[in-house]
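Novice: Handing you a structure now.
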Ligand SMILES: C[S@@+](CC[C@H](N)C(=O)[O-])C[C@H]1O[C@@H](n2cnc3c(N)ncnc32)[C@H](O)[C@@H]1O
(Lines give C-alpha, C1' and ligand atoms only; values in the text may rest on other atoms or scores of the structure.)
Protein backbone atom coordinates (compact mmCIF):
# COMPACT_ATOMS: atom_id res chain seq x y z
CA UNK A 1 0.00 0.00 0.00
CA UNK A 2 1.27 3.45 -0.89
CA UNK A 3 1.45 6.04 1.91
CA UNK A 4 -1.11 8.16 0.07
CA UNK A 5 -3.59 5.24 0.22
CA UNK A 6 -3.41 5.08 3.99
CA UNK A 7 -6.69 6.81 4.87
CA UNK A 8 -5.78 7.02 8.56
CA UNK A 9 -2.04 7.62 8.14
CA UNK A 10 -2.24 11.38 8.66
CA UNK A 11 -4.54 11.27 11.68
CA UNK A 12 -2.82 8.34 13.41
CA UNK A 13 -0.33 10.51 15.38
CA UNK A 14 -3.11 12.69 16.86
CA UNK A 15 -5.94 10.13 17.00
CA UNK A 16 -5.55 9.25 20.68
CA UNK A 17 -5.07 12.84 21.81
CA UNK A 18 -8.30 13.78 20.02
CA UNK A 19 -10.46 10.80 21.01
CA UNK A 20 -9.18 8.86 24.03
CA UNK A 21 -10.97 11.09 26.57
CA UNK A 22 -14.31 10.19 24.95
CA UNK A 23 -13.68 6.62 23.82
CA UNK A 24 -11.69 5.14 26.71
CA UNK A 25 -14.78 4.82 28.98
CA UNK A 26 -16.48 2.76 26.22
CA UNK A 27 -13.33 0.69 25.77
CA UNK A 28 -13.15 0.06 29.51
CA UNK A 29 -16.79 -1.09 29.56
CA UNK A 30 -16.30 -3.43 26.61
CA UNK A 31 -13.10 -4.68 28.26
CA UNK A 32 -15.06 -5.49 31.43
CA UNK A 33 -17.74 -7.35 29.45
CA UNK A 34 -15.05 -9.37 27.69
CA UNK A 35 -13.34 -9.94 31.04
CA UNK A 36 -16.42 -11.90 32.14
CA UNK A 37 -15.91 -14.43 29.31
CA UNK A 38 -13.68 -17.46 29.60
CA UNK A 39 -11.75 -16.05 26.65
CA UNK A 40 -7.99 -16.04 26.66
CA UNK A 41 -7.42 -14.77 23.13
CA UNK A 42 -9.39 -11.78 21.93
CA UNK A 43 -9.42 -10.17 18.49
CA UNK A 44 -10.10 -6.47 17.89
CA UNK A 45 -10.86 -5.80 14.21
CA UNK A 46 -10.11 -2.31 12.81
CA UNK A 47 -8.15 -1.77 16.02
CA UNK A 48 -6.77 1.66 15.13
CA UNK A 49 -4.12 2.72 17.65
CA UNK A 50 -4.74 -0.40 19.72
CA UNK A 51 -6.28 1.13 22.82
CA UNK A 52 -9.12 -1.40 23.01
CA UNK A 53 -6.51 -4.16 23.11
CA UNK A 54 -4.89 -2.38 26.03
CA UNK A 55 -8.09 -2.80 28.05
CA UNK A 56 -8.18 -6.51 27.15
CA UNK A 57 -4.56 -6.96 28.17
CA UNK A 58 -5.30 -5.22 31.48
CA UNK A 59 -7.91 -7.89 32.28
CA UNK A 60 -5.41 -10.65 31.55
CA UNK A 61 -6.44 -11.44 27.99
CA UNK A 62 -4.10 -11.98 25.07
CA UNK A 63 -5.21 -9.39 22.55
CA UNK A 64 -4.67 -9.36 18.79
CA UNK A 65 -5.42 -6.14 16.92
CA UNK A 66 -5.79 -5.91 13.15
CA UNK A 67 -6.01 -2.76 11.04
CA UNK A 68 -5.55 -1.79 7.40
CA UNK A 69 -3.63 1.41 8.14
CA UNK A 70 0.13 1.20 8.57
CA UNK A 71 -0.01 4.54 10.41
CA UNK A 72 -2.46 3.16 12.97
CA UNK A 73 -0.57 -0.13 13.29
CA UNK A 74 2.67 1.74 13.95
CA UNK A 75 0.99 3.66 16.80
CA UNK A 76 -0.45 0.41 18.15
CA UNK A 77 3.00 -1.20 18.05
CA UNK A 78 4.27 1.54 20.38
CA UNK A 79 1.62 0.46 22.89
CA UNK A 80 2.75 -3.12 22.41
CA UNK A 81 6.30 -2.08 23.29
CA UNK A 82 5.16 -0.37 26.47
CA UNK A 83 2.79 -3.08 27.67
CA UNK A 84 4.56 -6.02 26.04
CA UNK A 85 3.58 -9.66 26.15
CA UNK A 86 -0.20 -9.64 25.98
CA UNK A 87 -0.72 -7.70 22.73
CA UNK A 88 0.09 -8.27 19.09
CA UNK A 89 -0.83 -6.07 16.15
CA UNK A 90 -0.88 -6.81 12.48
CA UNK A 91 -1.84 -5.08 9.30
CA UNK A 92 -4.66 -6.78 7.45
CA UNK A 93 -8.05 -6.42 5.80
CA UNK A 94 -11.15 -6.94 7.94
CA UNK A 95 -12.92 -8.37 4.88
CA UNK A 96 -10.40 -11.23 4.71
CA UNK A 97 -9.27 -11.96 8.24
CA UNK A 98 -6.03 -13.96 8.15
CA UNK A 99 -7.12 -16.44 10.83
CA UNK A 100 -8.59 -19.94 10.68
CA UNK A 101 -12.24 -20.52 11.64
CA UNK A 102 -13.05 -20.31 15.36
CA UNK A 103 -9.61 -18.90 16.33
CA UNK A 104 -10.92 -16.56 19.04
CA UNK A 105 -13.48 -16.83 21.83
CA UNK A 106 -14.17 -13.11 21.48
CA UNK A 107 -13.97 -10.70 18.57
CA UNK A 108 -14.85 -7.02 18.64
CA UNK A 109 -15.04 -4.01 16.35
CA UNK A 110 -15.48 -0.39 17.39
CA UNK A 111 -16.55 2.66 15.42
CA UNK A 112 -15.54 1.25 12.07
CA UNK A 113 -18.62 -0.31 10.43
CA UNK A 114 -20.50 2.98 9.93
CA UNK A 115 -17.73 4.36 7.70
CA UNK A 116 -17.57 1.33 5.41
CA UNK A 117 -19.43 1.04 2.09
CA UNK A 118 -22.75 -0.81 2.46
CA UNK A 119 -21.49 -4.03 0.84
CA UNK A 120 -18.45 -4.22 3.09
CA UNK A 121 -20.26 -4.14 6.45
CA UNK A 122 -21.85 -7.62 6.11
CA UNK A 123 -18.53 -9.03 4.83
CA UNK A 124 -16.70 -7.84 7.93
CA UNK A 125 -19.38 -9.17 10.28
CA UNK A 126 -19.38 -12.51 8.45
CA UNK A 127 -15.61 -12.72 8.86
CA UNK A 128 -15.91 -11.95 12.57
CA UNK A 129 -18.52 -14.70 12.94
CA UNK A 130 -16.23 -17.10 11.10
CA UNK A 131 -13.18 -16.52 13.29
CA UNK A 132 -15.19 -16.51 16.55
CA UNK A 133 -15.68 -19.91 18.16
CA UNK A 134 -19.24 -21.28 18.51
CA UNK A 135 -20.67 -19.96 21.77
CA UNK A 136 -18.16 -17.10 21.71
CA UNK A 137 -18.86 -13.39 22.01
CA UNK A 138 -18.93 -10.67 19.38
CA UNK A 139 -18.85 -7.07 20.57
CA UNK A 140 -19.76 -4.19 18.27
CA UNK A 141 -19.53 -0.52 19.20
CA UNK A 142 -21.08 1.97 16.80
CA UNK A 143 -23.76 4.59 16.23
CA UNK A 144 -27.32 3.72 17.17
CA UNK A 145 -30.39 5.20 15.61
CA UNK A 146 -31.62 8.16 17.73
CA UNK A 147 -34.71 7.29 19.78
CA UNK A 148 -35.55 10.65 21.34
CA UNK A 149 -35.73 14.27 20.19
CA UNK A 150 -32.66 15.06 22.26
CA UNK A 151 -30.69 12.24 20.63
CA UNK A 152 -31.78 13.42 17.16
CA UNK A 153 -30.63 16.94 17.98
CA UNK A 154 -27.29 15.73 19.30
CA UNK A 155 -26.75 13.52 16.26
CA UNK A 156 -26.31 16.70 14.20
CA UNK A 157 -22.98 17.08 15.99
CA UNK A 158 -22.00 13.58 14.89
CA UNK A 159 -23.08 14.37 11.31
CA UNK A 160 -20.81 17.41 11.34
CA UNK A 161 -17.83 15.34 12.51
CA UNK A 162 -18.53 12.65 9.91
CA UNK A 163 -18.75 15.32 7.21
CA UNK A 164 -15.34 16.65 8.22
CA UNK A 165 -13.94 13.13 7.75
CA UNK A 166 -14.53 13.38 3.99
CA UNK A 167 -17.18 12.90 1.33
CA UNK A 168 -17.10 9.09 1.05
CA UNK A 169 -16.84 8.67 4.79
CA UNK A 170 -19.93 10.86 5.26
CA UNK A 171 -21.88 9.15 2.48
CA UNK A 172 -21.25 5.75 4.08
CA UNK A 173 -22.21 7.05 7.53
CA UNK A 174 -25.43 8.59 6.11
CA UNK A 175 -26.35 5.30 4.41
CA UNK A 176 -25.60 3.35 7.60
CA UNK A 177 -27.89 5.64 9.63
CA UNK A 178 -30.65 5.56 7.00
CA UNK A 179 -30.61 1.79 7.28
CA UNK A 180 -31.22 1.85 11.01
CA UNK A 181 -27.71 2.27 12.44
CA UNK A 182 -26.23 -0.54 14.49
CA UNK A 183 -29.55 -2.23 15.31
CA UNK A 184 -30.56 -2.30 11.63
CA UNK A 185 -27.22 -3.69 10.50
CA UNK A 186 -27.11 -6.48 13.07
CA UNK A 187 -30.73 -7.40 12.47
CA UNK A 188 -30.16 -7.73 8.71
CA UNK A 189 -27.23 -10.04 9.46
CA UNK A 190 -29.39 -12.16 11.75
CA UNK A 191 -27.14 -11.23 14.69
CA UNK A 192 -29.29 -10.93 17.81
CA UNK A 193 -27.99 -8.60 20.49
CA UNK A 194 -28.48 -10.02 23.99
CA UNK A 195 -27.24 -6.78 25.51
CA UNK A 196 -27.00 -3.25 24.16
CA UNK A 197 -25.91 -0.29 26.23
CA UNK A 198 -26.56 3.25 25.02
CA UNK A 199 -23.65 5.51 25.85
CA UNK A 200 -22.39 8.98 24.85
CA UNK A 201 -25.78 10.67 25.30
CA UNK A 202 -27.48 7.62 23.79
CA UNK A 203 -25.78 7.99 20.40
CA UNK A 204 -23.33 5.11 20.60
CA UNK A 205 -24.15 1.52 21.48
CA UNK A 206 -22.06 -1.28 22.93
CA UNK A 207 -23.77 -4.37 21.53
CA UNK A 208 -23.01 -7.92 22.59
CA UNK A 209 -23.92 -10.88 20.40
CA UNK A 210 -23.46 -14.56 21.15
CA UNK A 211 -22.25 -16.70 18.26
CA UNK A 212 -24.59 -19.66 18.14
CA UNK A 213 -23.03 -22.81 19.57
C1 LIG B 1 -12.64 5.31 13.24
S2 LIG B 1 -11.25 4.25 13.27
C3 LIG B 1 -11.64 3.30 14.73
C4 LIG B 1 -10.41 2.74 15.37
C5 LIG B 1 -10.65 2.02 16.69
N6 LIG B 1 -11.47 0.85 16.51
C7 LIG B 1 -11.22 2.94 17.72
O8 LIG B 1 -12.31 2.66 18.20
O9 LIG B 1 -10.56 3.92 18.05
C10 LIG B 1 -11.56 3.08 11.96
C11 LIG B 1 -10.40 2.14 11.73
O12 LIG B 1 -10.76 1.17 10.75
C13 LIG B 1 -9.60 0.89 9.98
N14 LIG B 1 -9.99 0.22 8.71
C15 LIG B 1 -10.62 0.78 7.65
N16 LIG B 1 -10.85 -0.15 6.69
C17 LIG B 1 -10.34 -1.32 7.16
C18 LIG B 1 -10.26 -2.64 6.64
N19 LIG B 1 -10.78 -2.96 5.44
N20 LIG B 1 -9.64 -3.59 7.38
C21 LIG B 1 -9.11 -3.28 8.60
N22 LIG B 1 -9.16 -2.05 9.14
C23 LIG B 1 -9.77 -1.07 8.44
C24 LIG B 1 -8.96 2.24 9.80
O25 LIG B 1 -7.61 2.14 9.40
C26 LIG B 1 -9.15 2.83 11.19
O27 LIG B 1 -8.05 2.55 12.03
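The values are calculated or read from the model by the stated rules, or taken from the named source; none is laboratory data. Note that the structure is predicted; figures quoted are calculated from it, not measured. Virtual Cβ from ideal backbone geometry, glycine too; neighbours counted across all protein chains shown.
Novice: In the range 198-212, which residues are surrounded by fewer than 17 Cβ atoms within 10 Å (Cβ to Cβ) and farther than 15 Å from residue 145 by Cβ?
Specialist: Result: 210, 212.
Novice: Same structure, new question: Just to be sure I understand the filter: pairs with C-beta atoms under 9 Å, separated by 6 or more residues or on different chains, first member in the range 95-124 and at positive phi and in contact (Cβ under 8 Å) with a residue 24 or more places away in the chain, second member more than 9 Å from the ligand (Cβ to nearest atom) and part of a helix (DSSP H, G or I). Which pairs pass?
Specialist: Every condition considered, the pairs that remain are 102/130; 102/131.
Novice: Please count how many residues of the range 35-53 are at pLDDT below 95 and touching a helix residue (DSSP H, G or I) at 6+ places or on another chain (Cβ under 6 Å).
Specialist: From the range 35-53, those at pLDDT below 95 are 35-41; that's our starting set.
In the following step, the residues that additionally are touching a helix residue (DSSP H, G or I) at 6+ places or on another chain (Cβ under 6 Å) were identified as none.
Residues flagged as at pLDDT below 95 and touching a helix residue (DSSP H, G or I) at 6+ places or on another chain (Cβ under 6 Å) within the range 35-53 amount to 0.
Novice: Okay, moving on. Could you check, for the range 18-33, whether at least one of its residues is crowded, with 16+ Cβ neighbours inside 10 Å, over 14 Å from the mean Cα position of the chain (by Cα) and modelled with pLDDT of 90 or more?
Specialist: yes
Novice: Quickly run through the range 100-119 and pick out the residues that are over 13 Å from the mean Cα position of the chain (by Cα) and surrounded by 16 or more Cβ atoms within 10 Å (Cβ to Cβ).
Specialist: We begin by selecting, within the range 100-119, every residue over 13 Å from the mean Cα position of the chain (by Cα); these are 100-105, 117-119.
Within the range 100-119, 103, 104, 105 qualify.
Novice: Taking the range 170-182 on its own, how many of its residues are crowded, with 17+ Cβ neighbours inside 10 Å and free of Cβ contacts under 8 Å to residues at least 60 places away in the same chain?
Specialist: 3
Novice: Quick one: in the range 1-17, which of the residues that are outside any helix (DSSP H, G or I) and within 13 Å of the ligand (Cβ to nearest atom) is surrounded by the fewest Cβ atoms within 10 Å (Cβ to Cβ)?
Specialist: Step one: of the range 1-17, the residues outside any helix (DSSP H, G or I) are 1-2, 6-11.
Those left that are additionally within 13 Å of the ligand (Cβ to nearest atom): 1, 6-11.
Values: 1: 10, 6: 17, 7: 16, 8: 18, 9: 17, 10: 13, 11: 17.
The selected residue is 1.
Novice: Provide a single number: the residues in the range 158-213 that are in a loop (DSSP other than H, G, I, E, B) and touching a strand residue (DSSP E or B) at 6+ places or on another chain (Cβ under 8 Å).
Specialist: 6
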